[in-house]
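No value in this document is a laboratory result; all are computed from the given coordinates. Just so you know, these numbers come straight off a predicted model, no measurement behind them. Note that each Cβ is placed from the backbone with ideal geometry, even for glycine, and that neighbours are counted across all protein chains shown.
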Amino acid sequence: MADHAAAVSTTQPVPATAPGGATERFQYDDGISRAFLLMTLIWGAVAMLVGVIAAIELALPEANLGIPFITFGRLRPLHTNAAIFAFAGNAIFVAVYYSTQRLCKARMYSDWLSWFHFWGWQVIIVCAALTLPSGITQSKEYAELEWPIDVLIAVVWVAFGINVIATMIKRRERHMYVALWFYIATIVTVAVLHIFNNLVIPAGLFKSYSIYAGAQDAFMQWWYGHNAVAFFLTTPFLGLMYYFLPKAAERPIFSYRLSIVHFWSLVFIYIWAGPHHLHYTAVPAWASTLGMLFSVMLWMPSWGGMINGLLTLRGAWHKVAADPILKFFVVGITFYGMATFEGPLLSVKSVNALSHYTDWTIAHVHAGALGWNGFMTFGMLYWLMPRLFQAPLWSPKLMNTHFWVGTIGILLYIVPIYVAGLTQGLMWRAIDEDGQLAYNFVESVTRLIPMYWVRIIGGTLFLLGLIMCFVNMLMTWAKRPAKYDSPVHEAPPVGSGYAEQPAQSRLGTAVVDVAHKLDIWSQAVWHRRWERLPIRFTVMVTLAVVIASLFEIVPTFVIKSNIPTIATVTPYTPLELAGRDIYVAEGCYNCHSQMIRPILSETIRYGEYSKPGEFVYDHPFQWGSRRIGPDLAREGNSNPMGSWHLKHFENPKQITQGSIMPPYPWLLYDPLDFESLPSRLRAMQQLGVPYTEDEVEACIASAQMQAREVAKRIIEESAGTDPRLGSKDVPLEDTKVVALIAYIQRLGVDIYKTPEEPGESVTLREGR
Amino acid sequence: MSTRPDVLTDHEYDGIQEYDNPTPGWWHWIFWGTVVFSACYFVFFHMSPESWTVEESYELAVARNLEQQFSEIGDLTPDEATIVRFMDDEKWLKVGKSTFAAECVTCHGADASGLVGPNLTDEHFKNVKTITDIASVVMNGAANGAMPAQKNRMHPNKIVLVSSYVASLRGQNLPGPRGAEGEVIPPWPAATETESSATDTPNEQQP
């Protein structure tokens, strides 16, 4: 196996084959890695800055300065998308382009595809940065980008995938190393997840509706959402670890066989775990149970990566003390271990009953994102800088300072937010000795504000660390040679004459035949064969992921009893639909859930728990995942007065002292877009929402009529005058707020209506 | 860690080597342990008649909660005597108060001096002539649903207790943002039952 590539340094073009024809010559493309490295740090700074601003807005809602574009509901998706797809995404591409070429002893298959991928990805990020603050969103978490951008993502991702897999096919290394397995899993699964979660019917260039509704949409979204964590933030970073950690530590990987076991168990088990985001919600109980159990079983497959990482450092711990790069890796892998223990813990239903909707989840993801993704990225970047820029790192001291500032930043972020999450969860469920709720919702909000301030300090420190990295990068780059040296490597092509060494049983004669077979199997010669066959390997990974997915997805869609229908639940009126689109555009789901769980403290606070049949016209679902503000699933029953909502949107603090909801004054004056209603109803019609032809044709008039009624009632409730302050150029009945109020007044009321015809009746219980 | 020396495989990729170490034993034990646990869990919760559903345990919690709340007083009817009686009952008026805090403050304000709904602390009333009208307004709503009907959503005892609490607010005359609305009505009837706890416990003081 010792066919080392000989490196010859030259700047002259070289012939493809060496004299004699036994070996081939090639040069690696490091320019693409340099480009992605630069963008990792630029977008990382943007993502973290946006995160800090969003964090400030939670402690100080006025910090949005009244600007719609940077209000929390629009900024939070920008933060998550930038952190995942721009910062972590570009970091993944640095790792893949740098390591795949070297592990395959081959230049990338196509430079054109590499650069198409690079520029395509940056265009996608710029589009995200423009559309999300403008309220152009699909409202599905981490899949907010609208359909034209989704199409672009699919094209660019496929180009990336073809380029990497084609490079593997023309490799000059006979076997594929474990890092490449993880890259294959990433490429295949992200493509599948992205395409199937983003299936929509467009209603214009900037608006679309998910083809799934309610419980099914929730199921697809969290199948996607959970596996975005799995296959965008875990598998590529494990691949990264498997290349850069042994390189930096100069130690062999602890166990090849562990690599096999944990790779396949991780890929197969991870994909099932999504429904643990939907415990106690209106998805079928069996799905929720599968989500929990596969998460529990995922614990050891996840830890396999941690073990292989940390034990690779055996005999090299003295280096860790001296080398900040290894320190970044060790802390990163440790956070991976903690987060992947906490994940199964949070997926246990009774733990989730406490943690769901709280900041506990936020602390959990930031332990993973800042600790694992952030620190693995920084370790890799510092290792690469001198190699890619061909100059010594400008300041190892600054790198060490970055490590400590970043570590303290992570701790100051996560510790107060863990405390905040537990505080929230315990206050929400507290019931006093008289059987009553112990706290108002707003008390649970004001209690968290000090912790939010500490989080801001932690996040700012982490951002400061990234800026140190950026400075170090720029100063190292400044000392680069006039022309980068591009060594020519030489290696023989992978011929066909490979003789496989058959495995021998290592056991004595005193055991049964089965034991011998098992021993031979455990030596993994069969897997060694797969490692020589990139296409077969890709097919196997695809099968593992797709079959596991279908086990859950097919029953969710075909078993009718999963979603019992409710006769009194009817489609939204055109005005309510317009209001719902505003709810989506403003990102209300980022702070408000619409899903009351069958938990006592929750039904006392919010009303009867949510039923699957209530959401059959919800394209897309709006269940949310957090309660920065209270649940709104029964808001139509709780606060029925339009004038109350109007005052509340104008400035929530007028109504609730201590509220951290930002004012939405623009909704009170922005004119509502009635003209696009027919195209929206048509899209809904295509999705099977039973609007009649007449309803679609008359939708503008009927929406205007309902708007006049809502506006009239608001004015009546306000002693006959328009309650809005300031200029009133736009009549109340033409404003966005009227549509939004109509939508909110509709929330959760349908199941209390009397059925017009004999149908399934709904029994009402004491829910308050 | 075992004392067995690490043996390298013959693998080498860009200088990276791999040991042929086995997967640690505890890894296998815990992994197969979670698999067995999962199988048992699924069988128990989805196939065994001994188990219970989320909805069942929720119904049980609701029943226990109602018992905790109302076991002493039984089922109340929203008549004059009952509403007046609980105005003087410190313990049960607290339930009325917390119901008010949960359901009513968004429109009537935290101190009941009015917000988008009318002031409840003065002598003026819009839809109330007698004390039992308070309970009717709570049950059936008023002002075309601006004040929502609660009879399908609120426990009957809570309707009585929140009515008692609202009645007890009268006379504080807190300045509200809306000014006086409706008419001045006669004072509430006095408590009829002499065994009421009114003598030994003072009326609920306002926060």
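Could you pull out every one of the lysines with an alpha carbon less than 16 Å from that of residue B:151, ignoring same-chain neighbours closer than 8 positions?
The reachable lysines, counting only those whose Cα sits under 16 Å from residue B:151, are A:753.
Divide the volume of the convex hull of the Cα atoms of segment A:183-305 by its number of residues and quote the answer in cubic angstrom per residue.
With only Cα atoms used, segment A:183-305 gives 113 Å³ per residue.
Only loop residues by DSSP count here, and only those with at most 16 other Cβ atoms within 10 Å; note down the trypsin sites (Lys or Arg not before Pro) in segment B:91-164 that meet that.
Of the trypsin sites (Lys or Arg not before Pro), the ones in loops of segment B:91-164 whose Cβ has at most 16 other Cβ atoms within 10 Å are B:126, B:129, B:151.
Count the lysine pairs in segment A:316-481 whose Cα atoms lie under 27 Å apart, taking only pairs 8 or more positions apart in sequence or on different chains.
Close lysine pairs found across segment A:316-481: 6.
Within 10 Å of each Cβ in B:20-28, how many Cβ atoms from other chains are there, averaged over the peptide?
Counting Cβ atoms of other protein chains within 10 Å of each residue's Cβ and averaging gives 6.
Check cross-link reach from residue A:483 to the aspartates and glutamates: straight Cα distance under 20 Å, and skip same-chain residues fewer than eight apart.
Straight-line reach from residue A:483, under 20 Å: A:29, A:30, A:111.
What are the extents of the Cα atoms of segment A:570-765 along their three principal axes, listed from largest to smallest and rounded to whole Å?
Sorted from largest, the Cα extents of segment A:570-765 read 48, 45, 29 Å.
At 4 °C and a viscosity of 1.567 mPa s, what translational diffusion coefficient does Stokes-Einstein give for segment A:106-239, taking Rh as the Kirkwood radius over Cα pairs? Give it in µm²/s as a whole number.
Rounded, D is 81 µm²/s.
Say a site is exposed when it is one of the GluC sites (Glu not before Pro), sits in a DSSP loop, and has at most 13 other Cβ atoms within 10 Å; what is then the longest site-free stretch of chain A?
A:1-249
For q values of 0.05 Å⁻¹, compute log₁₀ I(q)/I(0) with the Debye formula on a Cα-only model of the protein assembly as shown, without solvent.
So the normalised log intensities work out to -0.36.
If the reach is capped at under 17 angstrom between alpha carbons, list the lysines near residue A:140, excluding any in the same chain fewer than eight residues apart.
A:207
Provide the net charge surrounding residue B:125, with neighbours chosen by a C-beta distance below 9 Å and charges set as Lys +1, Arg +1, Asp -1, Glu -1.
With Lys, Arg at +1 and Asp, Glu at -1, the net is -2.
Ignoring everything except DSSP H segments at least 4 long, calculate the 222 nm mean residue ellipticity for chain A; use -39,500 (n - 2.57) per segment, divide by total residues, nearest 500.
-19000 deg cm²/dmol
If you bin every alpha carbon distance in segment A:57-153 into 10 Å steps from zero, what whole percent lands in each bin?
Pairs per bin, as whole percents: 15, 38, 26, 15, 6, 1.
Rounded to a whole number of µm²/s, how large is the Stokes-Einstein D of segment A:316-481 at 25 °C and 0.890 mPa s, given Rh as the Kirkwood radius over C-alpha pairs?
139
Report relative contact order for chain A in percent, whole number only (criteria: Cα-Cα under 8 Å, sequence separation at least 6).
It comes to 17 percent, rounded to a whole number.
Residue B:101 to residue B:35: FRET efficiency via 1/(1 + (r/R0)^6), r the Cβ-Cβ distance, R0 56 Å, to the nearest 0.05?
E between residue B:101 and residue B:35, to the nearest 0.05, is 0.70.
In segment A:328-400, what is the volume of the convex hull around the alpha carbon atoms, normalised per residue and reported in Å³?
Once divided by residue count, the hull of segment A:328-400 is 85 Å³.
Which whole number in µm²/s is D for segment B:1-142 by Stokes-Einstein, with the Kirkwood Rh taken over Cα pairs at 25 °C and 0.890 mPa s?
109
Quick one: among B:45, B:125, B:31, which has the greatest mean-square fluctuation in a GNM of chain B with alpha-carbon springs under 10 angstrom?
B:31
Please compare each pair in A:653/A:712; A:647/A:736; A:647/B:158 to a cut-off of 18 Å on the Cα-Cα distance and tell me which ones are over it.
As for pairs spanning more than 18 Å Cα to Cα, those are A:653/A:712; A:647/B:158.
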